[in-house]
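The values are calculated or read from the model by the stated rules, or taken from the named source; none is laboratory data. Just so we're clear, the structure is a prediction, and the values are computed from it rather than from any experiment. For neighbour counting, all protein chains shown are included, and Cβ atoms are generated from backbone atoms with ideal geometry for every residue, glycine included.
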Amino acid sequence: MCGVIGLIGTSQASNKVLRGLSLLQHRGQDAAGILSYDESGFHYVRNLGLVENVFTAENMKSLTGEMAIGHVRYGTAGKSELRNVQPFLLNFPYGIGMVHNGNLVNFQALTHELKTKYQRQPLADSDTENIINLFAEGLSASAQMRAPAFEDISRAVSFIFQKAVGSYSIVTMVAGFGLVAFRDPHGFRPLMMGSRRSSSEKVEYAFASESSVLDFLGFEKFENVLPGELICVNLKGEVFRKTIGTQKHRPCMFEWVYFAAPQSEIEGSPVYKARIALGKKMAVTVRERMQKDDIQFDVVAPVPETARTAAIALAEELGVPYREVLIKNRYITRTFILDTQDKRDQAVQLKLAPVCSEIKDKRVLLVDDSIVRGTTSRKLIELVRMAGAKEVYFASTCPPIKHPCYYGIDFPMENELLAHNKSLEGIEKALGADGVIYQEVSALEEALFPDRKITPCMACLTGEYPTATEGVNDLIKTRNEDRCAYK
Ligand code: SF4
């Protein structure tokens, strides 16, 4: 998972891109980069680390021009190395810069094809490099003759759609042409477009992973880049759009459950509202379990931060006091970003401290957004027990995650998933909980899209993948060592 942004039609566009990246930091903390463009060419700053560490007042001065793209990286594939940090840049044809949020299922087959058929040698270990190479191949036909036109861009994006399987929300700059944005035919990852009239009456355009960024930057009109849609804004400010190819829309349910900022709205469904609904629906299942097993709770407590909204709604529905019994150390980064199990184990203890006075002799219902490996959940249950809780139950607002994700969330190995091939009793035992209560799949669907107009991707829950998954097991085997890990 990553965050992308692109802007055109505003002086020193990189400054706004930088502000946007700060708001997208929750989508990736591994690395950050900005690429800008003006008549003198491309200008580039990228490095490993957080946005605030990568960019300085000094290096921002070099990012001149009215067009810029930016990226925050969350490494689902490829090591945490400078060669994998985006934006990616190619000098031929025309000059292309690209940022990508997503993950290709057929990465290995594509790399092989690009090497053997198109004689393109990979320089990084990144599916974005495959996509930029495909785009370049698609554009090459027109490059000898003239400056790029919308038809050429459209042909190049069609070429990507023919070859790439997986998730890709992309913003690209083409030198001499303008800004190009497109989403894969299923629209797994979000991408929004905003526009506004500046003081000089010029229209500025922006593309970003989340609406909160466009809002913050003062863009008034937002719309989704639709699944399979291509939108271009050229250097004169003219907008061109075309549907290249659509499949059933399958936005990732995990955006609402965990990933997106609560103030964002994705596919027309506000994230905060969805999390409230998740809490309310969870209350139905919790109440059933309370009746069945004759359980009472003294306290409902969230695992900070993502589960807070749902926990408040759940506590309200149950009529049980809501207490924040785990206090977050705000100077410790998210544990899933750390790359070894040892580091993650230590980080959980450093990150959250129990409030003993609110826990001692209480029956506590801990609420988290999800349980993936169970590492964090197990430690938290232990922590709350050691702080004196009489009973510790654990509620997950996401149903059991039993299958790998191939579309950009980093829990790809089946045998690493706590719920894979385990009964509820087995899960409760593994976590050391008095009980574990999961959201129902249908309740999750309803919480995100009450009108049922969109069926989100839930492949990690159901095993029903929206795309072909051929070759993906080899990919997992070879790349497992290289990746970071969620929870
Ligand atoms: S498999 Fe799960 S995490 Fe991956 S895109 Fe689908 S819903 Fe999201």
- Task: Give GLY97, GLY75, GLY49, GLY28 a once-over and let me know the one that is out of contact with any Asp or Glu (no Cβ under 6 Å at 6 or more places or on another chain) and touching a residue at least 60 places away in the same chain (Cβ under 8 Å).
- Result: GLY97
- Query: Filtering the stretch 161-189 down to residues that are away from the ligand (no atom under 16 Å from the Cβ) and of a type in the set (Phe, Trp, Tyr), which residue is surrounded by the fewest Cβ atoms within 10 Å (Cβ to Cβ)?
  - Reply: PHE161
- Message: Please determine whether any residue of the stretch 354-365 is of a type in the set (Val, Ile, Thr), touching a residue at least 40 places away in the same chain (Cβ under 8 Å), within 16 Å of the ligand (Cβ to nearest atom) and surrounded by 16 or more Cβ atoms within 10 Å (Cβ to Cβ).
- Response: no
- Query: Limited to the stretch 169-208, what total is found for residues that are acidic (Asp, Glu) and under 25 Å from CYS457 (Cβ atoms)?
  - Reply: 1
- Task: Quickly run through the stretch 1-23 and pick out the residues that are in contact (Cβ under 8 Å) with a residue 60 or more places away in the chain, more than 22 Å from CYS232 (Cβ to Cβ) and in contact with an Asp or Glu (Cβ under 9 Å, 6 or more places away or on another chain).
- Result: MET1, LEU23
- Residue identified as over 22 Å from TYR406 (Cα atoms) and either crowded, with 16+ Cβ neighbours inside 10 Å or more than 16 Å from the ligand (Cβ to nearest atom) (or both) among GLY237, GLY245: GLY237
- Do we find a residue being within 12 Å of the ligand (Cβ to nearest atom), assigned to a loop (DSSP other than H, G, I, E, B), closer than 24 Å to VAL299 by Cβ and not small (Gly, Ala, Ser) anywhere in the stretch 400-410? no
- Verdict on LEU134 being more than 19 Å from the chain's Cα centre (by Cα), not in a strand (DSSP E or B) and not assigned by TED's automatic domain parsing to the domain that holds VAL472: yes
- Message: Condition (residue is within 30 Å of GLU464 (Cβ to Cβ), modelled with pLDDT of 95 or more and among the polar types (S, T, N, Q)) applied to the stretch 195-214: is it met by at least one residue?
- Response: yes
- Does ILE276 satisfy the condition of being without any contact (Cβ under 8 Å) to a residue 40 or more places away in the chain and within 30 Å of LEU21 (Cα to Cα)? yes
- Task: Just need a number here: residues in the stretch 448-472 that are under 19 Å from ALA274 (Cα atoms) and away from the ligand (no atom under 14 Å from the Cβ).
- Result: 4
- Item | Any chance VAL271 is within 14 Å of the ligand (Cβ to nearest atom), touching a Ser or Thr at 6+ places or on another chain (Cβ under 9 Å) and closer than 23 Å to GLY28 by Cα | no
- touching a Ser or Thr at 6+ places or on another chain (Cβ under 6 Å) and in the same structural domain as ALA468 (by TED's automatic domain parsing): does that describe LEU418? no
- Would you please name the residue that is nearest to the ligand (Cβ to nearest atom), looking only at residues in the stretch 411-441 that are in a loop (DSSP other than H, G, I, E, B) and within 18 Å of TRP256 (Cα to Cα)? PHE411
- Note on the structure: Counting only residues that are under 21 Å from SER396 (Cα atoms), modelled with pLDDT of 95 or more and among the basic types (Lys, Arg), the stretch 342-377 contains a total of 2
- Out of the stretch 102-131, which residues are surrounded by fewer than 22 Cβ atoms within 10 Å (Cβ to Cβ) and either part of a helix (DSSP H, G or I) or among the acidic types (Asp, Glu) (or both)? GLN108, ALA109, THR111, HIS112, GLU113, LEU114, LYS115, THR116, ASP125
